[in-house]
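Student: Please read through the structure below; I'll follow up with questions.
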Amino acid sequence: MQVPISYSQAALGARIEVPTIDGREVLEIPPGCQSGDTFTLRGRGMPDPRYRGRGDLLVQLHIEVPQKLSPQHEHILRQLAEVERTQVSPKRLSFFEKVKQYFQPSEQ
């Protein structure tokens with residue numbers, strides 16, 4: 001099963017609930033996980049018809065990147081980019097911000 005987690009959960013670690021056949025199971029995610037990391041919940045998977053007992057449930061992490069950011073989220077991520085010295089795209093102005101800027105007198 002693929003489980004979506006946030007960037008902050010992957011970087012800082014978290015305890016998440018994972019659905020299983022018997023109900024929800026808590027999975028401890030260590031700090032620094034990467035998208036695609038797989039964790040095994042022993043005996044929590046599908047029953048094996050050839051043997052008694054159950055198989056393992058494999059949980060693969062998928063880090064979701066938000067498509068829309070609040071101004072606060074964007075500000076914090078830009079600060080993080082400065083700390084990491086990572087090149088990021090400049091803030092894009094919306095159409096209305098561009099129109100507003102066009103009609104404002106320039107400072108010269």
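The values are calculated or read from the model by the stated rules, or taken from the named source; none is laboratory data. Note that the structure is predicted; figures quoted are calculated from it, not measured. Note: ideal-geometry Cβ built from the backbone for every residue, glycine included; neighbour counts use all protein chains shown. Quick note on the areas: whole protein, heavy atoms, side chains included, nothing else; ligands and nucleic acids left out. Shrake-Rupley method; radii C 1.70, N 1.55, O 1.52, S 1.80 Å.
Student: Scan the stretch 29-55 for residues that are among the basic types (Lys, Arg) and surrounded by 15 or more Cβ atoms within 10 Å (Cβ to Cβ) and jot them down.
Tutor: Applying the first criterion (among the basic types (Lys, Arg)) to the stretch 29-55 yields 42, 44, 50, 52, 54.
Those that are among the basic types (Lys, Arg) and surrounded by 15 or more Cβ atoms within 10 Å (Cβ to Cβ): ARG44, ARG54.
Student: Here's a follow-up. Kindly list the number of the only condition in (1) in contact with a Ser or Thr (Cβ under 9 Å, 6 or more places away or on another chain); (2) modelled with pLDDT under 90; (3) not in a loop (DSSP other than H, G, I, E, B) that fails for ALA10.
Tutor: Here ALA10 clears every test but (2).
Student: Still on this model: Output the residues belonging to the stretch 51-67 that are farther than 20 Å from ALA11 by Cα and free of Cβ contacts under 8 Å to residues at least 40 places away in the same chain.
Tutor: Quick first cut of the stretch 51-67, residues farther than 20 Å from ALA11 by Cα only: 51-58.
Those that are farther than 20 Å from ALA11 by Cα and free of Cβ contacts under 8 Å to residues at least 40 places away in the same chain: TYR51, ARG52, GLY53, ARG54, GLY55, ASP56.
Student: Out of (1) open to solvent by 40 Å² or more (accessible area, probe 1.4 Å); (2) of a type in the set (Val, Ile, Thr); (3) in contact with a strand residue (DSSP E or B) (Cβ under 8 Å, 6 or more places away or on another chain), the odd one out for ILE16 is which?
Tutor: With (1) open to solvent by 40 Å² or more (accessible area, probe 1.4 Å); (2) of a type in the set (Val, Ile, Thr); (3) in contact with a strand residue (DSSP E or B) (Cβ under 8 Å, 6 or more places away or on another chain) applied to ILE16, the lone miss is (1).
Student: All but one of (1) assigned to a strand (DSSP E or B); (2) over 25 Å from SER8 (Cβ atoms) hold for PRO19, so report the exception by its number.
Tutor: The one condition PRO19 does not meet is (2).
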